[in-house]
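The values are calculated or read from the model by the stated rules, or taken from the named source; none is laboratory data. Not measured: the values here are computed from a predicted model. As a convention, Cβ positions derive from the backbone with ideal geometry for all residues, glycine included, and neighbour counts pool all protein chains shown. Ligands, DNA and RNA are stripped out before the accessible areas are found, and what is left, the full protein with its side chains, is counted by its heavy atoms. Shrake-Rupley method; radii C 1.70, N 1.55, O 1.52, S 1.80 Å.
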Amino acid sequence: MKSKLSKIVMLVFLVANLGMAEYIKKDNAVYYKDETEQADERKVENADFKTFVKLNDVYGKDGKSVFYFDKKLEGADVKTFQVIGEVNGKDKKYIYKYDEKMEINPKDFKLYKNKDKLLYFRNNGKLYIGGSFFEVEYVQDLNSFEVIDQGYSKDKYNIYYAGTPIYDVDKSTFQIIMPDYYAKDKNNVYSGSDKIKDANPDTIKILNQVYLKDDKNVFLNFGQKIENADATTFEVMEENASYGKDKNNVYYLGEKLKGADAKSFEIILEPNNLVQMYSKDRNSVFIGGRKIKEADLKTFERLSGTDYYSKDKNNLYYQEVKIDKIDNKNLKILYSDGVDLIKNGNKIFAEGKKLNIKSPETFEIILSKYYNFPNLIYGKDDKNVYAISKFDKTYSSKVIKNADVNSFEVMENSMYTKDKNNIYFTRDNIIKLEGADKGSFVIITEEVDFSYDKNNVYFRGKKINGINSDGFKIINLNNQNESFYFLADNKNLYKLITIFDEDTDEIVKTKLVAVKNPKVDITSFESVKKFFTNYYRDKSNIYYYDADYKALKRLEGTDRNSFISLEANFGKDNKNVFYNGNKLEGVNSDGFEILDENAIIFKNKNNVYFLKAKNEEKKYKLIPLNFDSSSFKPVHKRSGYFKDKNGIYYFDYSNLETLDTKKNENIQNKLFFKIEGVDIPTFRELQFGYSKDKNRVYCKNKEIEEADAESFVIFYTDDRIVVKDKNRIYENGCE
């Protein structure tokens with residue numbers, strides 16, 4: 001039940017959060033606000049008020065520049081820039097995802113859309129998921145690839161769902177029976193890419209997104225058969241897709257609703273969450289698939305204005321749980337924006353949990369004039385101020401000690417609050433910022449754990465000793481091999497090392513270390529890219545942070561302006577390639593490309609290379625391979641096969657551990673095994689070491705004698721993986 005519920009809840013959440021961002025033009029300026037991430041409107045600096053136009057919820061432009069959110073999109077060509085997806089744009093040279101960009105090959109670039117939604121794009125011989133730069137790995141033939149709807153697509157070899165091949169499908173009879181969700185062929189019914197076991201394609205009937213049935217069985221959308229459901233009388237309830245019923249029972253997300261009377265069952269009150277629907281029969285009241293055991297059927301009603309509170313003449317309920325005797329005269333909704341707080345008699349409840357409020361009769365919510373963050377709110381009674389949040393996985397209240405009830409207010413980020421005397425930070429606990437100067441206090445918008453005033457810098461409410469607030473900036477969080485921030489003030493570069501408790505996420509210890517060597521230009525020092533990089537730069541040089549030695553080093557001879565950071569600790573400039581901060585001697589960066597997910601096979605314009613790394617010795621060996629560089633590439637991104645114009649090669653990863661890199665002449669022959677006689681244009685990798693072309697089936701690099709290529713397939717059943725052709729069944733995993 002949990003997995004079914006979570007998928008539907010996620011869908012509802014994603015749909016609900018669309019359109020919560022916007023550009024606002026007012027007071028001769030342009031502002032951006034995203035209610036899911038920020039507390040206030042941020043000014044779009046240097047945007048021209050007269051010529052600015054909103055393109056969508058992410059992008060806007062004026063006569064000179066393109067903007068994403070509240071920032072300028074550096075390098076974008078304003079004349080040719082256009083929005084092509086919810087988070088994608090393009091100009092004459094690049095395709096963008098927010099501020100990330102990928103250079104376009106105009107000779108090999110194509111967008112794949114359905115109902116104006118960007119699903120995929122092709123660039124330079126690869127297919128990517130729309131809205132991201134993630135490569136689609138398993139599409140066999142890009143030249144014949146086309147989308148069918150937002151879920152299904154096809155090429156001349158396969159049918160795909162969300163980029164994943166549907167194995168053992170009959171292409172000639174394949175048809176969509178509910179766009180984006182269900183399909184069938186002459187043999188099977190499919191939910192997405194999953195085969196619905198025992199479903200009859202001849203009699204299948206789609207009832208809604210959740211339920212379908214054939215002449216004998218009823219099925220849930222993820223393929224599960226609903227045991228003992230009566231297919232003849234089963235019907236869905238129009239008020240909500242989660243419910244169905246037959247002549248005997250009621251079902252919620254495929255589970256039998258115990259004790260429910262099918263004849264009298266009906267949907268009643270609908271809260272905002274479409275999954276937690278209230279319902280009733282002649283005997284009982286339910287929420288979702290759960291009975292509210294003590295509910296009085298005649299007087300039961302939902303507490304209007306809340307999601308999950310309800311009442312009858314006797315009791316107050318949260319979801320299916322009785323939480324208190326009802327006091328109608330003193331029942332009041334205190335807050336209902338993401339978290340429901342109510343007062344019942346002399347008790348205060350947050351999401352059904354009683355809060356420890358000392359004077360509930362005087363308690364009131366303290367609203368933010370900026371933005372009320374849903375999971376952290378504040379209130380007060382006549383003597384105390386309270387923070388209310390999920391401090392211990394469920395909602396509870398904590399007193400903010402010595403806070404002044406009359407002057408207390410929420411700041412622009414709700415983790416920060418203040419009164420006439422102090423500033424407070426609330427996350428896992430409530431911390432008073434010692435000595436904070438309210439007049440000069442600043443919260444770092446992009447990294448709200450940090451703040452500063454004219455005297456000090458703070459991290460999660462605690463003063464960082466040893467750093468000056470004058471010129472303070474955050475370089476980035478380096479979290480590849482250790483957790484620390486690069487910080488700077490007007491004098492030094494620092495590492496703030498943070499050690500967290502893995503269970504609570506609370507800080508166990510912090511340590512500030514000044515980086516004295518090498519000497520960097522503090523003002524211009526920055527990371528080469530925003531996330532997941534060990535490469536840095538200032539106005540003159542490129543640097544690499546060596547996580548093994550916990551040291552920053554300058555890379556001599558690099559071109560600062562052309563240097564970019566790549567995956568797996570690679571980087572390159574206009575001439576050279578670097579690995580773990582070391583220059584790869586003799587490897588020119590022209591045409592450099594990493595070819596496998598382990599980043600040990602790569603190429604440039606002239607050569608293909610194998611990188612044998614010995615991590616324990618912090619050394620590596622670079623070995624040239626004898627392939628045609630211009631055509632050499634993997635069959636797909638995570639493939640065990642590679643190809644060039646001369647052939648197909650199986651790469652045996654199992655030989656890596658025993659490889660003797662001192663004998664260079666044997667390296668290629670011990671790792672790459674050519675498939676003899678293969679038909680390159682029709683070759684496609686399957687799974688578990690199997691592959692095939694139009695004529696033959698292969699196990700790794702060896703032909704499987706007498707296997708029938710046309711009918712050879714691999715597919716999944718409920719309990720096993722089947723590998724077969726028309727003549728026989730094979731072992732799962734070839735040897």
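Evaluated against (1) part of a loop (DSSP other than H, G, I, E, B); (2) in contact with a Leu (Cβ under 9 Å, 6 or more places away or on another chain), ASP324 falls short on exactly one condition, (1). Scanning region 201-216 for residues that are over 28 Å from the mean Cα position of the chain (by Cα) and farther than 18 Å from ASP246 by Cβ yields a total of 2. Considering region 576-590, the residues that are in contact with a Lys or Arg (Cβ under 7 Å, 6 or more places away or on another chain) and part of a strand (DSSP E or B) include one that is surrounded by the most Cβ atoms within 10 Å (Cβ to Cβ), namely PHE578. Just to verify a result, which residue in region 12-35, among those that are assigned to a strand (DSSP E or B) and open to solvent by 60 Å² or more (accessible area, probe 1.4 Å), is modelled with the lowest pLDDT? By that ranking, first place goes to GLU22.
Here is a yes/no grid of residues against (1) assigned by the TED database to the domain that holds ARG42; (2) open to solvent by less than 60 Å² (accessible area, probe 1.4 Å); (3) of a type in the set (S, T, N, Q):
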{"residue": "ILE366", "(1), (2), (3)": "no, yes, no"}
{"residue": "ASN375", "(1), (2), (3)": "no, no, yes"}
{"residue": "GLU412", "(1), (2), (3)": "no, no, no"}
{"residue": "TYR424", "(1), (2), (3)": "no, yes, no"}
{"residue": "SER440", "(1), (2), (3)": "no, yes, yes"}
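Among the residues of region 139-147, is any open to solvent by 70 Å² or more (accessible area, probe 1.4 Å) and without any contact (Cβ under 8 Å) to a residue 24 or more places away in the chain? Even if it seems obvious, please write down each step before you answer.
So the first thing to find is which residues in region 139-147 are open to solvent by 70 Å² or more (accessible area, probe 1.4 Å), and the list is 143, 146.
Narrowing further to those that are without any contact (Cβ under 8 Å) to a residue 24 or more places away in the chain: 143.
Checked region 139-147: at least one residue is open to solvent by 70 Å² or more (accessible area, probe 1.4 Å) and without any contact (Cβ under 8 Å) to a residue 24 or more places away in the chain.
Only one of the numbered conditions (1) part of a strand (DSSP E or B); (2) within 28 Å of the chain's Cα centre (by Cα) is not met by ARG554, and that is (2).
Against the criterion of being within 35 Å of the chain's Cα centre (by Cα), farther than 28 Å from SER310 by Cβ and either open to solvent by less than 40 Å² (accessible area, probe 1.4 Å) or of a type in the set (S, T, N, Q) (or both), SER389 does not qualify. Quick one: would you say LYS313 is open to solvent by 40 Å² or more (accessible area, probe 1.4 Å) and not in a loop (DSSP other than H, G, I, E, B)? No: the conditions fail for LYS313. Screening LYS670 against (1) surrounded by 15 or more Cβ atoms within 10 Å (Cβ to Cβ); (2) not in a loop (DSSP other than H, G, I, E, B) leaves a single unmet condition, (1).
Condition test on GLY471, is it within 20 Å of ILE431 (Cβ to Cβ), outside the structural domain of ASP392 (by the TED database), of a type in the set (Gly, Ala, Ser) and over 26 Å from the mean Cα position of the chain (by Cα)?
Numbers: within 20 Å of ILE431 (Cβ to Cβ): no; outside the structural domain of ASP392 (by the TED database): yes; of a type in the set (Gly, Ala, Ser): yes; over 26 Å from the mean Cα position of the chain (by Cα): yes.
Considered against the rule, which asks whether it is within 20 Å of ILE431 (Cβ to Cβ), outside the structural domain of ASP392 (by the TED database), of a type in the set (Gly, Ala, Ser) and over 26 Å from the mean Cα position of the chain (by Cα), GLY471 comes out as no.
Hey, does region 505-527 have a residue that's touching a residue at least 60 places away in the same chain (Cβ under 8 Å), of a type outside the set (A, V, I, L, M, F, W, C) and closer than 27 Å to LYS390 by Cβ? Spell out how you get there, then give the answer.
Narrowing region 505-527 to residues touching a residue at least 60 places away in the same chain (Cβ under 8 Å): 505-506.
Checking which are of a type outside the set (A, V, I, L, M, F, W, C) leaves us with 505-506.
This time we only want the ones that are closer than 27 Å to LYS390 by Cβ, so: 505-506.
Among the residues of region 505-527, at least one is touching a residue at least 60 places away in the same chain (Cβ under 8 Å), of a type outside the set (A, V, I, L, M, F, W, C) and closer than 27 Å to LYS390 by Cβ, which makes the answer yes.
Residues in region 317-355 that are of a type outside the set (Asp, Glu) and on the phi > 0 side of the Ramachandran plot: GLN319, GLY338, GLY345, GLY352.
When you go through SER279, SER359, SER304 one by one, which is the residue that is open to solvent by 60 Å² or more (accessible area, probe 1.4 Å) and small (Gly, Ala, Ser)?
Values: SER279 fails: open to solvent by 60 Å² or more (accessible area, probe 1.4 Å); SER359 fails: open to solvent by 60 Å² or more (accessible area, probe 1.4 Å).
Within the list SER279, SER359, SER304, the selection yields SER304.
Which one is least open to solvent (accessible area, probe 1.4 Å) among residues in region 393-410 that are polar (S, T, N, Q) and not in a strand (DSSP E or B)? Going through the qualifying residues, I end up with SER407.
Does any residue of region 36-49 turn out to be without any contact (Cβ under 8 Å) to a residue 40 or more places away in the chain, buried (at least 18 other Cβ atoms within 10 Å of the Cβ) and closer than 26 Å to ILE564 by Cβ? No, region 36-49 contains no residue that is without any contact (Cβ under 8 Å) to a residue 40 or more places away in the chain, buried (at least 18 other Cβ atoms within 10 Å of the Cβ) and closer than 26 Å to ILE564 by Cβ. In region 66-83, the residues that are under 10 Å from ASP99 (Cα atoms) and of a type in the set (A, V, I, L, M) form Cβ pairs under 8 Å with partners that are modelled with pLDDT under 95 and in a loop (DSSP other than H, G, I, E, B), at six or more places apart or across chains, as follows: LEU73/ASP99. For GLU86, are the conditions met, namely being surrounded by fewer than 16 Cβ atoms within 10 Å (Cβ to Cβ) and either over 27 Å from THR51 (Cα atoms) or touching a Cys at 6+ places or on another chain (Cβ under 8 Å) (or both)? No.
Being open to solvent by 60 Å² or more (accessible area, probe 1.4 Å), part of a loop (DSSP other than H, G, I, E, B) and touching a Pro at 6+ places or on another chain (Cβ under 8 Å), is that true of even one residue in region 342-350? Don't jump to the end; show me each part of the working.
Going residue by residue through region 342-350, those that are open to solvent by 60 Å² or more (accessible area, probe 1.4 Å) are 346-347.
This time we only want the ones that are part of a loop (DSSP other than H, G, I, E, B), so: 346.
Now restrict to residues that are touching a Pro at 6+ places or on another chain (Cβ under 8 Å): 346.
Yes: region 342-350 contains one or more residues that are open to solvent by 60 Å² or more (accessible area, probe 1.4 Å), part of a loop (DSSP other than H, G, I, E, B) and touching a Pro at 6+ places or on another chain (Cβ under 8 Å).
Which one of these is out of contact with any strand residue (DSSP E or B) (no Cβ under 9 Å at 6 or more places or on another chain) and open to solvent by 30 Å² or more (accessible area, probe 1.4 Å): ASP198, ASP194, ASP180, ASP170? Break it down into steps so the answer makes sense when it comes.
Numbers: ASP198 fails: out of contact with any strand residue (DSSP E or B) (no Cβ under 9 Å at 6 or more places or on another chain); ASP194 fails: out of contact with any strand residue (DSSP E or B) (no Cβ under 9 Å at 6 or more places or on another chain); ASP180 fails: out of contact with any strand residue (DSSP E or B) (no Cβ under 9 Å at 6 or more places or on another chain).
Among ASP198, ASP194, ASP180, ASP170, only ASP170 is out of contact with any strand residue (DSSP E or B) (no Cβ under 9 Å at 6 or more places or on another chain) and open to solvent by 30 Å² or more (accessible area, probe 1.4 Å).
Is there a residue being open to solvent by 40 Å² or more (accessible area, probe 1.4 Å), among the polar types (S, T, N, Q), more than 22 Å from LYS473 (Cβ to Cβ) and assigned to a strand (DSSP E or B) anywhere in region 558-575? No, the conditions are met nowhere in region 558-575.
Of the residues making up region 613-654, those that are in contact with a helix residue (DSSP H, G or I) (Cβ under 8 Å, 6 or more places away or on another chain) and either modelled with pLDDT under 85 or part of a strand (DSSP E or B) (or both) are ILE623, LEU625, LYS643, GLY647, ILE648, PHE651. For region 190-209, state whether one or more residues are outside the structural domain of LYS726 (by the TED database), hydrophobic (A, V, I, L, M, F, W, C), closer than 22 Å to GLU146 by Cβ and at pLDDT 95 or above. No, the conditions are met nowhere in region 190-209. Every test in (1) at pLDDT 95 or above; (2) surrounded by fewer than 19 Cβ atoms within 10 Å (Cβ to Cβ) is passed by ASN105 save one, and that test is (1).
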